[in-house]
Amino acid sequence: MAGTIVCRSVAVPLPTRPPHRVRSNPSRGRFNRRVKFLSIATVEGEASASTPSVRRRLILLRHAESSWDDPSIRDHDRPLSNSGRSDAISVSHKLQEMGWVPQLIFSSNAARTKETLSIMQEHVRGFLEAEVHFMASFYSVAAMDGQTAEHLQKVICEHSSDDILTVMCMGHNRGWEEAASMFTGAVIELKSCNAALLEATGKSWAEAFSNAGLGGWTLHGIVKPNTS
């Protein structure tokens with residue numbers, strides 16, 4: 001009988017104060033810090049030698065441009081701007097053309113991120129068919145230095161079944177470009193509605209993260225809207 005691959009994760013603390021909006025600055029060299037990566041996979045019993053190792057694809061998408069027209073609106077509740085709505089349509093079609101439509105989506109519960117996803121679902125059926133989970137922690141952890149990569153790994157490992165081959169995580173900077181940079185080992189800048197396409201190989205998501213570690217994910221490309 002095949003063994004069972006089990007994810008073991010370390011809890012990521014959430015901030016005790018409201019997160020603040022941080023603008024990215026890739027020139028600061030922040031991605032060279034040492035980060036403790038999760039030990040995520042153990043094998044109980046004898047693993048099946050016949051289980052194939054497959055390519056697993058991770059999309060890290062930053063929300064589309066938000067509106068600052070009404071300063072009284074809380075940061076968490078800001079809607080998209082008109083150009084942000086157009087960008088969300090553009091990127092959804094580009095991902096469809098490239099064959100990178102996710103089967104499973106984890107998204108921040110901030111209004112601008114949920115609106116980005118809603119527009120993508122309206123224009124590409126594959127996004128509507130994907131399983132979606134809204135994560136309050138994605139809004140909080142993105143404002144915390146160096147913790148997003150570990151948190152994304154924990155969420156994906158805990159909530160993704162091994163038959164899911166393409167996962168998309170939608171969130172915010174600074175955390176999203178930090179995570180993309182830590183996973184790939186390259187300094188990656190994600191402007192509004194930019195998506196980093198990452199690949200790793202494993203029989204499970206746990207094995208893919210374990211095999212790639214920090215710096216071992218392959219960067220397939222950066223998808224940008226037509227306005228970029």
Give me the residue from the stretch 111-151 that is of a type in the set (D, E) and modelled with pLDDT of 95 or more and, out of that set, surrounded by the fewest Cβ atoms within 10 Å (Cβ to Cβ). E129
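Filter the stretch 48-95 for residues that are among the hydrophobic types (A, V, I, L, M, F, W, C) and either part of a loop (DSSP other than H, G, I, E, B) or at pLDDT below 95 (or both); which is farthest from I188 (Cα to Cα)? Full working, then the answer.
Narrowing the stretch 48-95 to residues among the hydrophobic types (A, V, I, L, M, F, W, C): 49, 54, 58-61, 64, 68, 73, 80, 88-89, 91, 95.
Subset that is either part of a loop (DSSP other than H, G, I, E, B) or at pLDDT below 95 (or both): 49, 64, 68, 73.
On the way: A49: 36, A64: 17, W68: 25, I73: 30 Å.
That would be A49.
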Taking E65 as the residue in question, decide whether it is touching a Ser or Thr at 6+ places or on another chain (Cβ under 7 Å), more than 14 Å from C169 (Cβ to Cβ), in contact (Cβ under 8 Å) with a residue 24 or more places away in the chain and surrounded by 15 or more Cβ atoms within 10 Å (Cβ to Cβ). yes
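Return the residue satisfying two criteria in turn: it lies in the stretch 166-187 and is part of a loop (DSSP other than H, G, I, E, B) and in contact (Cβ under 8 Å) with a residue 40 or more places away in the chain, and of such residues it is surrounded by the most Cβ atoms within 10 Å (Cβ to Cβ). First the steps, then the outcome.
Of the residues in the stretch 166-187, the ones part of a loop (DSSP other than H, G, I, E, B) are 172-174, 185-187.
This time we only want the ones that are in contact (Cβ under 8 Å) with a residue 40 or more places away in the chain, so: 172-174, 187.
On the way: H172: 26, N173: 22, R174: 22, V187: 16.
Only one residue fits best here, namely H172.
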Answer yes if at least one residue in the stretch 207-228 is among the basic types (K, R), within 22 Å of P79 (Cα to Cα) and crowded, with 17+ Cβ neighbours inside 10 Å, and no otherwise. yes
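Please specify each residue of the stretch 105-150 satisfying the condition of being under 21 Å from S90 (Cβ atoms) and in a strand (DSSP E or B).
I105, S107, S108, V132
Looking at S83, S90, can you tell me which residue is surrounded by fewer than 16 Cβ atoms within 10 Å (Cβ to Cβ), on the phi < 0 side of the Ramachandran plot and more than 15 Å from the chain's Cα centre (by Cα)?
Working: S90 fails: surrounded by fewer than 16 Cβ atoms within 10 Å (Cβ to Cβ).
Step by step, each of S83, S90 is checked, and only S83 is surrounded by fewer than 16 Cβ atoms within 10 Å (Cβ to Cβ), on the phi < 0 side of the Ramachandran plot and more than 15 Å from the chain's Cα centre (by Cα).
Hey, can you tell me all the residues within the stretch 199-228 that are assigned to a strand (DSSP E or B) and either among the hydroxyl-bearing types (S, T, Y) or out of contact with any helix residue (DSSP H, G or I) (no Cβ under 6 Å at 6 or more places or on another chain) (or both)?
Here is the first cut: in the stretch 199-228, the residues assigned to a strand (DSSP E or B) are 199-202, 218-223.
Correct list: E199, T201, T218, H220, G221, I222.
The values are calculated or read from the model by the stated rules, or taken from the named source; none is laboratory data. In this text the structure is predicted, and so the values were computed from the model without any measurement. When we count neighbours, we look across all protein chains shown, and the Cβ atoms used for this are built from the backbone with ideal geometry, even at glycine.
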